[in-house]
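Colleague: I have a structure here, written as structure tokens, and I will follow up with some questions on it.
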Amino acid sequence: MSLVTIGMNHKTASLDLREKLSVDKDESAKILKKLHSMPLIDEVFLLSTCNRTELYFEIDDLQYVNNISNWLLRQKGLLIEDFEDNMYSYSDSSVVRHALNVACGLDSMVIGESQILGQFKDAFNEANDAGTIGKNLNRLFQYAFSTAKEVRTDTKIGANSLSIANVAVSLTDQFYDDLSDKNALLIGAGETISIAAKNLRKKNINKLYIANRTLENAKSIAEEVSGRAISLKDIPEKLKNSDIVISAITGNVPLIGKGAIETCLKHRKHKPIYMVDLGVPRNIESEVKELPDIFLYTLDNIQDLIKKNYKTREEAAIDAQHIVDNKVEEYMNWRKSQSAFSIIKLYREDCENIRKTCLDKSLSQLKLGKDPKDVIDQLSINLTSKLSHKPTLALNKAGQTNNRKLINLVCDIFLINKKK
């Protein structure tokens with residue numbers, strides 16, 4: 001059996017092509033069962049996300065891999081000639097390396113992103129439920145999951161965020177040890193503000209205000225984070241009690257001016273405010289950063305931090321690859337050992353049959369009243385003779401044909417020192 005992966009991802013195909021091959025949960029179960037019923041395929045697993053659709057399977061003959069690719073495309077009503085330049089195929093150790101890289105986030109669009117591991121585990125559970133996972137794929141994916149955990153524990157692959165909203169919130173750690181007595185004002189109602197609000201709630205923020213032109217949009221975010229929605233005209237009043245301000249709203253003129261912040265600081269008795277302006281054009285007048293007790297970050301500052309974080313992840317990816325290398329070797333060694341497992345099992349069964357035959361004969365002799373010492377002595381002779389019979393025949397045959405390779409092989413298997 002050979003281990004194979006076929007598929008396409010963000011590196012080989014555009015989003016519109018990936019969408020055509022994407023498979024939902026119900027469709028995945030049907031595809032898995034159909035493939036598993038094919039005579040050539042022993043085990044099969046399917047992973048489908050926005051960035052990739054991949055099949056992992058055990059197959060009897062590698063020459064039929066293209067047939068499986070064609071079959072998968074036909075299931076989606078697609079033609080191989082339209083996708084052959086976008087599909088990739090790996091076998092054996094290359095599959096193992098690919099699977100581990102995917103699970104660790106090393107093959108993701110954003111290096112080190114953690115979402116893929118959860119998607120991988122969900123897909124594994126679905127295949128397991130469908131009954132298409134056997135010992136080889138089970139072992140492979142357990143290696144993938146444990147490797148991903150080791151990479152995240154032992155490297156900085158996921159230490160620094162690459163999301164604008166995440167970085168904006170993570171910077172609060174530089175100013176406040178505890179947010180449970182702090183208030184935040186978020187301006188806007190897009191995805192960035194939604195993520196920032198959720199992250200602040202995770203940090204146990206005290207009060208959270210969401211300001212937006214359309215109050216209903218602000219309410220939808222506020223309800224998710226136990227916050228309060230306000231209109232833009234309420235911003236000056238809420239600024240007085242806000243320790244954190246994050247703004248990401250479209251507009252032609254700044255919403256917050258230097259004068260408003262000066263008034264706010266007097267009311268706050270110059271308690272500092274951490275501010276992040278993610279608007280384009282800017283939502284906060286640039287002169288605000290000149291005021292004492294104001295720490296203002298702009299989109300440029302945040303993007304510079306993201307670039308530094310990405311560099312850190314790229315460096316961590318090198319360390320992660322060393323871990324992957326070791327795990328690939330471990331898995332392939334285990335896989336190779338499985339090829340000899342059936343032979344070992346047969347050999348042990350043969351030895352056990354010899355043992356039982358000799359033992360039964362000895363017990364019969366004891367029942368007949370024979371001297372136990374003589375019976376035990378004969379038992380040892382019989383065991384030695386029968387256990388060495390087949391290797392002796394093989395060595396005699398090899399000697400007659402001067403087959404040095406076979407002679408050396410038998411010596412290696414039975415640890416025979418030829419120099420004696």
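Colleague: Give the whole-number value, in cubic angstrom per residue, of the convex hull volume spanned by the C-alpha atoms of region 82-231.
Modeller: 188 Å³
Colleague: Could you tell me which of the pairs LYS11/LYS219; LYS34/LYS345; LYS202/LYS240 are separated by over 28 angstrom between their Cα atoms in the structure shown? Mind dumping the intermediate values first?
Modeller: Values: LYS11/LYS219 39 Å; LYS34/LYS345 32 Å; LYS202/LYS240 23 Å.
Beyond 28 Å: LYS11/LYS219; LYS34/LYS345.
Colleague: In nm, what is the difference between 0.36 nm times the number of residues separating LYS149 and ASN353 and their Cα-Cα distance?
Modeller: Here the answer is 68.9 nm.
Colleague: Go ahead and set up a Gaussian network model of the chain, Cα springs under 10 Å, then flag whichever of THR401, THR250, THR147 fluctuates most.
Modeller: Fluctuation is largest for THR401.
Colleague: Could I ask something else about it? Would you mind getting the Kirkwood hydrodynamic radius of region 190-249 from its Cα pairs, rounded to one decimal in Å?
Modeller: About 11.5 Å for region 190-249.
Colleague: Given Cβ point charges of +1 (Lys, Arg) and -1 (Asp, Glu) and nothing else, what value in debye, to the nearest 20, does the dipole of region 2-154 about its Cα centre take? It would help to have the intermediate numbers written out before the result.
Modeller: On the way: 16 positive and 23 negative charges, 57 e Å.
Dipole size: approximately 280 debye.
Colleague: A further question on this structure: Please compute the Kirkwood hydrodynamic radius over region 164-306, one decimal place, Å, based on all pairs of different Cα atoms. All intermediate terms of the calculation are to be shown ahead of the outcome.
Modeller: On the way: mean 1/r = 0.0679 Å⁻¹.
In region 164-306 this quantity evaluates to 14.7 Å.
Colleague: Now for a different question. Which of ARG355, ARG201, ARG152 moves most in a GNM of the chain, Cα contacts under 10 Å?
Modeller: Looking only at ARG355, ARG201, ARG152, the biggest GNM fluctuation is shown by ARG355.
Colleague: Among the aspartates and glutamates, which fall within straight-line cross-link reach of LYS370, defined as a Cα-Cα distance under 15 Å, with same-chain neighbours fewer than 8 residues apart omitted?
Modeller: Hits, sequence-local ones excluded: ASP360.
Colleague: Quote the charge dipole size of the chain about the Cα centre in Debye, to the nearest 20; the model charges only the Cβ of Lys and Arg (+1) and of Asp and Glu (-1).
Modeller: That gives the chain a dipole magnitude of about 1480 debye.
Colleague: Place a label point 7 angstrom from the Cα of ALA159 along the Cα-to-Cβ direction, then list the residues of region 280-324 whose backbone nitrogen is under 14 Å away.
Modeller: 308-320
Colleague: Now, a different point. What shape does region 1-148 have by the C-alpha gyration tensor, where a ≥ b ≥ c are the square roots of the eigenvalues, rounded means a/c under 1.5, and otherwise prolate means a/b greater than b/c and oblate the rest?
Modeller: rounded
Colleague: Right, here's the next one. Count the DSSP beta bridges whose two residues both fall in the chain, then state the antiparallel fraction as a percent rounded to the nearest 5.
Modeller: Around 45 percent of the beta bridges assigned by DSSP in the chain are antiparallel ones.
Colleague: If you don't mind, another one. Which aspartates and glutamates, on any chain, are close to LYS386 with Cα under 13 Å apart, when same-chain ones fewer than 8 places away are left out?
Modeller: The reachable aspartates and glutamates, counting only those whose Cα sits under 13 Å from LYS386, are ASP350, GLU352.
Colleague: What is the extension gain from SER388 to SER180, computed as 0.36 nm multiplied by their sequence separation minus the C-alpha to C-alpha distance, in nm to one decimal?
Modeller: 67.2 nm
Colleague: Something else about it: Calculate, for SER231 and ASP16, the FRET efficiency according to 1/(1 + (r/R0)^6) with r their C-beta to C-beta distance and R0 45 Å; round to the nearest 0.05. Don't jump to the answer; show the numbers that get you there.
Modeller: Details: r = 40 Å, r/R0 = 0.88.
FRET efficiency, SER231 to ASP16: 0.70.
Colleague: Which residues' amide hydrogens lie under 5 Å from the amide hydrogen of LYS156, considering only partners 5 or more residues apart or on another chain, with H built in the peptide plane?
Modeller: none
Colleague: Now, a different point. In debye, nearest 20, what is the charge dipole magnitude of region 164-306 about its Cα centre with +1 on Lys and Arg Cβ and -1 on Asp and Glu Cβ, if you could check?
Modeller: Working: 19 positive and 19 negative charges, 95 e Å.
For this selection, approximately 460 debye.
Colleague: Have a look at ILE59, ILE318, ILE381 and tell me which one the Gaussian network model of the chain (Cα, springs below 10 Å) gives the largest fluctuation.
Modeller: ILE381
Colleague: Treating cross-link reach as a plain straight distance, find the lysines whose alpha-carbon is under 18 Å from the alpha-carbon of LYS307, omitting any fewer than eight places away in the same chain.
Modeller: Partners within reach: LYS156.
Colleague: In a solvent-free Debye calculation with one equal scatterer on each Cα, what is log10 I(q)/I(0) for the chain at q = 0.11 Å⁻¹, listed in the order of the q values?
Modeller: -0.97
Just so you know, all these numbers are worked out from the coordinates, no wet-lab data involved. None of these values were measured; they are calculated from a predicted model. Methodologically, a virtual Cβ is constructed for each residue, glycine included, from the backbone with ideal geometry; neighbour enumeration extends over all protein chains shown.
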